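As structure tokens, the structure follows; a few thoughts come after it.
The values are calculated or read from the model by the stated rules, or taken from the named source; none is laboratory data. Small disclaimer: the values here were computed from a predicted structure and weren't measured. Neighbour counts are summed over all protein chains in view; Cβ atoms, including those assigned to glycine, are modelled from backbone coordinates with ideal geometry.
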Amino acid sequence: MTDIVIIAQLIEHEGMRLKPYKCPTGRLTIGVGHNLSDNGITEEEAMCLLRNDIARCVKELQDILDGMFWVLPEIVQRVLVDMIFNLGATRFVKFKKMIAAIKTEDFNLAAAEMQDSKWFNQVGKRGETLLKMMEKAA
């Protein structure tokens with residue numbers, strides 16, 4: 001049995017869905033019939049998903065920051081990836097003053113804008129940690 005043949009056969013029979021769905025027996029399923037309800041995912045699969053999500057976050061930040069993400073200090077990059085990972089790009093772009101401060105490398109102002117947000121009060125210790133990181137970049 002070759003991988004290509006069985007993969008094609010299972011995709012033909014199971015289909016491929018990239019968002020979770022309920023199978024006919026009511027179990028949460030994703031991909032090619034992967035039963036999340038009973039099997040979950042492995043740590044390796046979780047880390048693969050995380051790496052892909054981080055790469056997506058970096059690409060979104062490159063676009064939002066007009067290509068300057070990679071010239072920022074690493075600690076600022078980490079803060080921004082953490083924030084966009086948590087918020088999603090749609091909510092992250094609403095931090096207009098913080099983003100403007102990042103673009104001018106005014107990390108004190110960026111930290112102040114982070115702190116002056118509903119998000120900061122909602123995320124507790126995460127917000128405090130990221131705020132301190134941003135302040136260190138100043």
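Mind checking which residues of the stretch 114-128 are over 19 Å from ALA101 (Cα atoms) and either part of a helix (DSSP H, G or I) or not assigned by TED's automatic domain parsing to the domain that holds PRO73 (or both)?
Taking the stretch 114-128 first, the residues over 19 Å from ALA101 (Cα atoms) are 121-126.
Within the stretch 114-128, ASN121, GLN122, VAL123, LYS125, ARG126 meet the criteria.
Would you pick out the residues in the stretch 99-113 that are assigned to a helix (DSSP H, G or I) and farther than 13 Å from GLU135 by Cβ?
Taking the stretch 99-113 first, the residues assigned to a helix (DSSP H, G or I) are 99-103, 107-113.
Residues satisfying the conditions are ILE99, ALA100, ILE102, LYS103.
In the stretch 101-124, the residues that are over 19 Å from GLY67 (Cβ atoms) reach residues that are in a helix (DSSP H, G or I) and among the acidic types (Asp, Glu) with C-beta atoms within less than 6 angstrom, at least six apart or across chains, in these pairs: ALA111/GLU135.
Is it the case that the stretch 18-29 has a residue that's under 30 Å from GLY124 (Cβ atoms) and under 13 Å from the mean Cα position of the chain (by Cα)? The answer is no, given that none of the residues of the stretch 18-29 is under 30 Å from GLY124 (Cβ atoms) and under 13 Å from the mean Cα position of the chain (by Cα).
Counting the residues of the stretch 72-96 that are part of a helix (DSSP H, G or I) and under 16 Å from ALA138 (Cβ atoms) gives 7. Just one of (1) without any contact (Cβ under 8 Å) to a residue 12 or more places away in the chain; (2) surrounded by 11 or more Cβ atoms within 10 Å (Cβ to Cβ); (3) at negative phi fails for GLU14. It is (1). Looking only at residues that are small (Gly, Ala, Ser) and assigned to a helix (DSSP H, G or I) in the stretch 17-52, which one is surrounded by the most Cβ atoms within 10 Å (Cβ to Cβ)? Filtering the stretch 17-52 for residues that are small (Gly, Ala, Ser) and assigned to a helix (DSSP H, G or I), the one surrounded by the most Cβ atoms within 10 Å (Cβ to Cβ) comes out as SER37.
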